[in-house]
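Participant: There's a structure below that I have some questions on.
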Amino acid sequence: MRSFYASVECVKRGLDPMKEKLAVVGDVNRSGSIILAASPELKKQHGIKNVSRFFELPNDPGIHIAEAKMSDYLKVSVEITKLVNQYVPKEAIHQYSVDELWVTVNGLEKLYGGRWEIARMIKQELYDTMGLTCSIGIGDNKFLAKVVMDLYAKQTGIAECTYKDVKEKLWPVPVENIWGIGKKMMSNLNRMGIVTLGQLANFPLERLKKRFGVMGEQLYWHAWGADLSPVIGDFQKQEQKGFGHGITLLRDYHGDEVFACILDLCEEACRRARTAGKAGRTVHLGVGYCQETGGGFSRSKSVALPTNITMEMYGVCMQLFNEFYDGVSKIRRVFITLNNLYKDEETQLDLFTDKTKQKDLGYVMDQIREKHGSTSLLRATSFTDLGITLDRSRKIGGHKA
């Protein structure tokens, strides 16, 4: 979808998403809030990017400001998926994000024609029914479809890259413009003399594997246009590897303030684990310091018996925090994870601790929240200005619902 959040806001206001200047801001009451989306015209005229800040918007009376409404964008995303589902079965749809998906159209020639015809039909129907514009990449696999969309379809609307087109269309492209290659990988490749995708394709595979492991092999085959990830399957049912929650705090926290945030995050992670009938043995805590000092730490610790008890996980997190926190730096980001999962009913009881009562308490609290709302039962610290649960309950994906 083209500038998805901004386009949805334009349609809500009866504006043309491709012609009007509109910025979607996470929180209009904070000048430092991030611009989540900018319409193509705003990007073109003022160079505003999706990572720009609210205060960086120029004083242009023609710019429309919209506060993010994540629930609206999710509803529209579901409707787009439903529309595509009218052409193909759900097994042929792989939802990649709120504004991107892959769709496999093999075998539809007798119904709709070739893939170009199907792409045009979907693109036109999206515009006719929702007023939204999209870009479509066509490829022999998921990698080629995604890359050709990023590189070409955003300018032309629809673009195609087959195996035989790789050398012409992809090899001249700088590696940093290729999906899956970030700034750090770009720097590593550049130091090896690899600047374009063609140079990556012709670099010795064994050296890439030795330097980057499995990732090096994947980079090599992607450079040749090869991608073996499935394009049809049940992409909704995936095995849960862990339960994690993280947050970028609205202000810098001192070391003696962050305990409330960690407790709220542990509560949510353990709630999700209990809901899935899981318990975990490994607790991970990540802390990022404020921008002035930079840095932080990321550490894990395993416990003897799997747990999904909030206070047990919180206790391990605080042990890690007290051991690795430098005692001086202010804190801006916190992330916790419970992984190394087991089925909850298979976990052993501790002879020295009445875990049964603690677990039952957690499940009862979950039932109350399920019936009366996520904020119907909270710990006292959540009501202080150090807690994060109340603010998070009003958001989806970190932004206002």
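Participant: Would you work out which of PRO306, GLY294, GLY327 lies farthest towards the positive end of the dipole of the stretch 250-348, given +1 charges on the beta-carbon of Lys and Arg and -1 on that of Asp and Glu, about the Cα centre?
Facilitator: Highest projection toward the positive end goes to PRO306.
Participant: 222 nm [θ] for the chain, helices only, -39500 (n - 2.57) per DSSP H run of 4+, per residue, to 500?
Facilitator: Mean residue ellipticity at 222 nm (helix-derived): -11000 deg cm²/dmol.
Participant: Angle check, please: helix 310-324 long axis (alpha carbons) against the longest principal axis of the chain (alpha carbons), in degrees 0 to 90, nearest 10.
Facilitator: Rounded to the nearest ten degrees, it is 80.
Participant: Measure off, as a whole percent, the carbon and sulfur share of the 1.4 Å-probe accessible area of the stretch 71-158, all protein chains present.
Facilitator: On the stretch 71-158, the fraction of accessible area on carbon and sulfur atoms equals 55 percent.
Participant: Which percent of the Cα-Cα distances in the stretch 97-247 go past 20 Å?
Facilitator: 57 percent
Participant: Can you tell me the length gained on complete extension of the stretch THR282 to LYS167, counting 0.36 nm per residue apart and subtracting the Cα distance?
Facilitator: Gain in length upon complete extension: 36.9 nm.
Participant: Please list, in chain and number order, the residues 5+ apart from HIS64 or on another chain whose amide H is under 5 Å from its amide H, with Hs placed from the backbone.
Facilitator: The answer is LYS21, LEU22, ALA23.
Participant: One-quarter of the Cα convex hull surface for the stretch 169-234, in nm²?
Facilitator: That works out to 4.9 nm², a quarter of the Cα hull's surface.
Participant: Oh, and also: For a test of the definition: using alpha carbon positions, the gyration tensor, and the 1.5 limit on a/c, classify the stretch 78-151 as rounded, prolate or oblate.
Facilitator: rounded
Participant: What accessible area per residue, rounded to a whole number of Å², is obtained for the chain using a probe radius of 1.4 Å?
Facilitator: In whole numbers, the chain has 54 Å² accessible per residue.
Participant: Ok, one more. Please report, as a whole percent, how much of the solvent-accessible surface of the stretch 162-253 comes from carbon and sulfur atoms (probe radius 1.4 Å).
Facilitator: 56 percent
Participant: Amide H to amide H, which residues 5 or more places from ARG53 or on other chains are under 5 Å from it, using H placed in the peptide plane?
Facilitator: ILE35
Participant: Now for a separate question. Evaluate E = 1/(1 + (r/R0)^6) for SER374 and ASN202, where r is the Cβ-Cβ distance and R0 equals 60 Å; express this FRET efficiency to the nearest 0.05.
Facilitator: Here the calculated transfer efficiency is 0.65.
Participant: By per-residue mean of other Cβ atoms within 10 Å, what is the highest-first order of 364-373, 313-322, 143-152?
Facilitator: Per-residue mean Cβ counts within 10 Å order the peptides as 143-152, 313-322, 364-373.
Participant: Enumerate the calculated ³J(HN,Hα) couplings along the stretch 378-383 in order (Karplus 6.51 cos²θ - 1.76 cosθ + 1.60, θ = phi - 60°), each rounded to whole Hz, writing x wherever the residue is Gly or Pro.
Facilitator: Per residue, the Karplus-derived 3J(HN,Hα) values read 10, 6, 4, 5, 5, 8 Hz.
Participant: Taking the Cα atoms only, what angle lies between the long axis of helix 115-130 and the longest principal axis of the chain, rounded to 10 degrees?
Facilitator: Helix 115-130 sits roughly 60 degrees off the main axis of the chain.
Participant: Need one word for the stretch 13-78: rounded, prolate or oblate. Basis is the Cα gyration tensor (sqrt eigenvalues a ≥ b ≥ c); a/c below 1.5 gives rounded, then a/b vs b/c decides.
Facilitator: Note, shape of the stretch 13-78 comes out oblate.
Participant: Can I ask one more? As I understand it, the value is the acute angle between the Cα axis of helix 214-223 and the longest principal axis of the Cα atoms of the chain; what does it come to in degrees, rounded to 10?
Facilitator: Value to nearest ten degrees: 20.
Participant: Treating cross-link reach as a plain straight distance, find the lysines whose alpha-carbon is under 27 Å from the alpha-carbon of LYS209, omitting any fewer than eight places away in the same chain.
Facilitator: Within reach: LYS142, LYS146, LYS164, LYS167, LYS169, LYS183, LYS184, LYS241.
The values are calculated or read from the model by the stated rules, or taken from the named source; none is laboratory data. Just so you know, these numbers come straight off a predicted model, no measurement behind them. Positions of Cβ are generated from backbone atoms using ideal geometry, with glycine treated the same way; all protein chains shown enter the neighbour counts. Side chains included, ligands, DNA and RNA excluded: accessible areas come from the protein's heavy atoms. Shrake-Rupley method; radii C 1.70, N 1.55, O 1.52, S 1.80 Å.
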